[in-house]
Amino acid sequence: MQRYFVSEEQFQERSVVITGDDARHISKVMRGKPGDKLIVSDGRTREALVEIEGIEAGEVTANIVESLELDHEARIRVTVAQSLPKGDKMETVIQRCTEIGAVAFVPFLSERTIVQYDAKKESKRLERWGKIAKEAAEQSHRNRIPSIKQPLSWKGLLSSFEGYDLVCYCYEKENGKQLRDALKPFVEKLAPDETANVLIVVGPEGGFSEKETLEADQAGAVSVGLGKRILRAETAGMAALTCVLYESGEMGGM
């Protein structure tokens with residue numbers, strides 16, 4: 001069943017008004033009609049099964065049939081910090097990691113970042129990324145749309161580490177600790193109903209410099225590997241996120 005996110009203001013006591021691109025999608029793409037059922041969520045506290053009452057120009061009115069529980073989010077809240085990759089690869093990272101279960105994304109610039117950052121294009125790019133996250137969250141039946149932070153400098157990212165319960169940065173080195181080695185003792189200490197915030201940091205195509213790894217260590221992060229194979233920059237975050245959710249029992253782990 002198709003799912004849409006709306007603002008809290010669009011949620012009324014017994015009905016929901018859907019506008020903008022979502023209304024056009026319902027009427028033009030889905031060929032919606034009165035009597036069709038949808039799922040709507042405000043991404044915060046309310047989610048409901050609704051039935052379309054009427055479709056007018058740019059607006060869909062639907063009556064609430066049943067309130068639903070917000071139960072599709074993981075108790076381990078994983079943020080993916082990704083050094084800006086080339087081309088449109090950041091869009092792939094946001095789309096796929098949203099589907100898997102990331103709660104937020106932090107783009108950042110590091111020593112070996114190839115992309116030339118243009119602050120003038122930042123607003124348009126963030127808008128594009130936000131739309132991708134929204135569509136991916138709807139497709140995967142998420143209860144919330146992941147947030148996408150303003151791009152940070154490397155120093156800015158380091159200073160944010162203290163806001164997380166565990167920070168792991170992906171760095172391949174001989175005899176280094178694997179991600180599972182860092183996750184297992186962390187997860188075992190959590191009570192069954194306890195939540196935690198985890199940050200996964202992924203470097204650019206050229207990886208992190210030795211200076212950056214030392215600074216990350218000093219800031220409290222844990223260096224982890226993702227197995228014997230070398231993953232692309234846009235793949236590493238997806239793999240690490242999946243491992244975290246599996247180890248915490250969200251995908252049948254533990």
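Debye-formula intensities of the range 136-219, expressed as log10 I(q)/I(0) at q = 0.13, 0.16, 0.25, 0.27 Å⁻¹, are -0.57, -0.84, -1.33, -1.38 (one equal scatterer per alpha-carbon, no solvent).
Remark: C-alpha extents of the range 93-172 on the principal axes read 36, 34, 24 Å, sorted largest to smallest.
Applying 0.36 nm per residue to the separation of Thr19 and Asp217 and subtracting their alpha-carbon distance, the gain on full extension is 66.5 nm.
Mean sequence separation of contacting Cα pairs (under 8 Å, at least six apart), scaled by the length of the chain, corresponds to a relative contact order of 20 percent. Taking 13 Å as the cut-off, the amide N atoms of the range 43-84 that come nearer than this to a point 7 Å along the Cα-to-beta-carbon line of Glu194 belong to 76. The sum of -39500 (n - 2.57) across all DSSP H runs of n ≥ 4, divided by the residue count of the chain, sets its helix-only mean residue ellipticity at 222 nm to -9000 deg cm²/dmol. Working note: Karplus 6.51/-1.76/1.60 with θ = phi - 60° gives the range 50-62 the couplings 10, 10, 5, 9, x, 10, 10, 4, x, 8, 10, 9, 9 Hz, where Gly and Pro are set to x.
The C-alpha atoms of the chain define a longest principal axis, and helix 233-247 lies at about 80 degrees to it. With a 1.4 Å probe and all protein chains left in place, how much of the accessible area of the range 150-204 comes from carbon and sulfur atoms, in whole percent? Carbon and sulfur atoms account for 46 percent of the accessible area of the range 150-204. Taking label points 7 Å from Cα along the Cα-to-Cβ direction, Glu162 and His141 give a separation of 4.2 nm. Legend: calculated FRET efficiency, Lys177 to Lys124, from the Cβ-Cβ distance at R0 = 35 Å, rounded to 0.05, equals 0.35. Accessible area per residue for the chain, computed on protein heavy atoms with a 1.4 Å probe, is 53 Å².
Pairs of Lys residues in the range 133-254 that lie 8 or more places apart, or on two chains, and have C-alpha atoms under 28 angstrom apart add up to 16. For Val78, the residues whose modelled amide H falls within less than 5 Å of its own, excluding neighbours fewer than 5 places apart on the same chain, are Val103, Val198.
For a paramagnetic label modelled at 7 Å from the Cα of Thr45 toward its Cβ, which residues of the range 59-78 fall within the zone defined by backbone nitrogen distances under 14 Å? The answer is 70, whose backbone nitrogens lie closer than 14 Å to the label point.
The values are calculated or read from the model by the stated rules, or taken from the named source; none is laboratory data. Note that the structure is a prediction, hence the values are computed from the model and not measured. Positions of Cβ are backbone-derived with ideal geometry, glycine not excepted, and every protein chain shown enters the neighbour counts. Side chains are part of the model used for accessible areas, which takes the heavy atoms of the whole protein and leaves out ligands, DNA and RNA. Shrake-Rupley method; radii C 1.70, N 1.55, O 1.52, S 1.80 Å.
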